[in-house]
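Written out below as structure tokens is the structure these notes cover.
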Amino acid sequence: MFKDPILKKLFKQHGPHQFEDRSENLMAELIESIISQQLSVKAADTIYSRFLNLFKNGKFPSPEQILKIDVEKLRSAGMSYPKANYIKNIAKAFQNGEIAVEKIKNLTDEEVIIELTKIKGVGKWTAEMILIFTLNREDVFSLGDAGLKRAIKNLYGISDEKKILKLAETWKPKRSFACWYLWRSLNNTPKT
């Protein structure tokens with residue numbers, strides 16, 4: 001898959017990886033991303049579980065259910081005011097049709113980033129993770145990801161952003177896979 005000897009070694013070590021199209025869960029994936037920002041996996045999982053338990057049967061709520069729930073109730077699940085409001089912003093974007101799964105699926109990677117980052121609280125990094133892990137896009141590289149920068153510094157001795165981008169160009173058209181293997185090198189467990 002890779003000509004790069006470091007990625008070849010990681011591929012042999014971790015085996016093949018296949019991303020799944022999870023586009024039907026776009027709203028849930030965006031909300032989970034917002035909840036998990038700057039938190040440990042365990043803390044994020046706990047808060048996300050509490051969030052789901054705020055709704056009937058612990059199932060993922062509709063945009064309308066999220067918009068009806070009080071911000072204080074969202075906060076009771078363990079999230080900050082900004083995160084609670086960002087979640088409401090996401091629900092509103094889905095409810096009023098600003099974000100529609102079928103539309104998003106047909107956009108280019110850059111157009112997806114532009115559309116998703118129109119929602120207050122959704123940044124470029126979140127949009128890039130959605131491209132990789134939700135929309136199954138094979139050629140995404142997230143320069144803003146601290147883990148990727150750390151892995152590249154560890155494995156290639158590069159920390160200059162221009163040099164990182166030049167290196168990432170050599171992984172086209174499979175940069176999402178390169179990211180996955182780089183995260184693995186840190187003993188992280190990225191989504192599968």
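Quick note: the coordinates plus some simple rules give every number you see, no bench work behind them. Treat the numbers as computed from the prediction; the structure is a model and nothing was measured. Here Cβ is always computed from backbone atoms with ideal geometry, including for glycine, and neighbour counts include all displayed protein chains.
Summary of computed values
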quantity	calculated
Most mobile listed residue (Lys172, Lys73, Lys12) in the chain, GNM with C-alpha springs under 10 Å	Lys12
Peptide ranges 19-31, 78-90, 56-68 listed from the most packed, as the mean C-beta count within 10 angstrom indicates	78-90, 19-31, 56-68
Dipole magnitude of the range 23-133, debye to nearest 20 (Cβ charges: Lys/Arg +1, Asp/Glu -1, about Cα centre)	540
Estimated dipole of the chain in Debye, rounded to 20 [Cβ of Lys and Arg +1, of Asp and Glu -1, Cα centre]	620
Lys, Arg +1 and Asp, Glu -1 on Cβ, resulting dipole of the range 1-65 about Cα centre, debye, nearest 20	380
Links that overshoot a 29 Å alpha carbon limit, given the list Lys92/Lys163; Lys56/Lys120; Lys73/Lys105; Lys103/Lys174; Lys68/Lys120	Lys92/Lys163; Lys73/Lys105
Acute angle (nearest 10 degrees) that the helix 81-95 long axis makes with the longest principal axis of the chain, alpha-carbon atoms	90
For q = 0.21 Å⁻¹, Debye-computed log10 I/I(0) when each Cα of the range 83-160 counts as one equal scatterer	-0.95
For peptides 117-128, 42-53, sequence by mean Cβ density within 10 Å, most packed first	117-128, 42-53
Reduced Cα scattering model of the range 23-133, Debye log10 I(q)/I(0), q = 0.10, 0.17, 0.22 Å⁻¹	-0.26, -0.77, -1.28
Per-residue [θ]222 nm for the chain (sum of -39500 (n - 2.57) over DSSP H runs n ≥ 4, rounded to 500)	-17500 deg cm²/dmol
Centroid-to-centroid separation of the range 35-52 and the range 132-183 [C-alpha atoms, Å]	25
Matching label, Cα extents along the principal axes in Å computed from the structure shown, candidates (i) 96, 53, 28; (ii) 52, 34, 29; (iii) 49, 33, 32	(ii)
Residues Val140, Val71 arranged by fewest to most Cβ contacts within 10 Å	Val71, Val140
